[in-house]
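A.B. asks: Would you mind keeping the following structure in view while I ask a few things?
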Amino acid sequence: MQKFEKFHFHGQHNGEIIITIIRRHWFNILEQYFILIGVLFLMLASLQFLPMYFADNADLPIFFFIESFIMILLWIYAFIIWIDFYFDVWIITNERIVNIEQKALFIRTISELKFDKIQDTSVNIVGLIPTILNFGDVHVQTAGNTERFLFHKVPDPQKIKGLIMNMQSMTMRKDEAEAIHRISPLLRGQ
């Protein structure tokens, strides 16, 4: 397992240790870029063939302006996809799970889940490519207001599920030991 001693995040508690940092699988960004690459190829093909269909060259500057504008929009959209991919992070610590989700450029949602609130964890891998490349969704069922905590398209979801369940059981054993330690002086006094 990687060492994350040099990493820190905003809101990290004193003594809280980062166990792992999870990002979405690389295929997720690749499949989003497939659409952009397809549109880019259509535009390059149109640069080759459409000028032949314009009889007068008066319409040609408008055509090139529209294509340039579409290219700028494609670059912006590609940048937004990359930002969304890069800044979506799940951090598993010894105390909790922190979900940092980037939506577009200026919307970021940060949520956390303590291990003692976890009721169930499940894995969902759908499709041939996710099965071959071993990525999928991890759903964490909670007892709190948020019914489900979702790790979306993450690599090796079974390993992540096992890690979460191990951390949850360690937290439960630790809580039980602390409760017994607090109650035992009361029981001896009776």
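The values are calculated or read from the model by the stated rules, or taken from the named source; none is laboratory data. Small disclaimer: the values here were computed from a predicted structure and weren't measured. All Cβ positions, glycine included, derive from the backbone under ideal geometry; neighbour counts span all protein chains shown.
A.B. asks: Residues of region 120-141 being in a helix (DSSP H, G or I) and of a type in the set (A, V, I, L, M), which ones?
C.D. replies: Correct list: Leu128, Ile129, Ile132, Leu133.
A.B. asks: Just give me the residues in region 1-32 being in a loop (DSSP other than H, G, I, E, B) and surrounded by 14 or more Cβ atoms within 10 Å (Cβ to Cβ), in sequence order.
C.D. replies: Of the residues in region 1-32, the ones in a loop (DSSP other than H, G, I, E, B) are 1-17, 23-25.
Phe4, Phe9, Gln12, Glu16, Arg23, Arg24, His25, listed by residue number.
A.B. asks: Shifting gears a bit: Is it the case that some residue within region 81-89 is more than 30 Å from Ile17 (Cβ to Cβ), surrounded by 13 or more Cβ atoms within 10 Å (Cβ to Cβ) and at pLDDT 90 or above?
C.D. replies: Filtering region 81-89 down to residues more than 30 Å from Ile17 (Cβ to Cβ) leaves 81.
From what's left, surrounded by 13 or more Cβ atoms within 10 Å (Cβ to Cβ): 81.
Filter again for at pLDDT 90 or above, leaving 81.
Checking region 81-89: at least one residue is more than 30 Å from Ile17 (Cβ to Cβ), surrounded by 13 or more Cβ atoms within 10 Å (Cβ to Cβ) and at pLDDT 90 or above.
A.B. asks: Please specify each residue of region 88-116 satisfying the condition of being touching a Phe, Trp or Tyr at 6+ places or on another chain (Cβ under 6 Å) and farther than 18 Å from Gln141 by Cα.
C.D. replies: Passing the criteria: only Gln102.
A.B. asks: Can I ask one more? Hey, any hits in region 131-145 for a residue that's surrounded by 12 or more Cβ atoms within 10 Å (Cβ to Cβ), more than 17 Å from the chain's Cα centre (by Cα) and under 23 Å from His10 (Cα atoms)?
C.D. replies: There is no residue in region 131-145 that is surrounded by 12 or more Cβ atoms within 10 Å (Cβ to Cβ), more than 17 Å from the chain's Cα centre (by Cα) and under 23 Å from His10 (Cα atoms).
A.B. asks: Determine whether region 156-168 contains at least one residue that is surrounded by 17 or more Cβ atoms within 10 Å (Cβ to Cβ) and among the polar types (S, T, N, Q).
C.D. replies: yes
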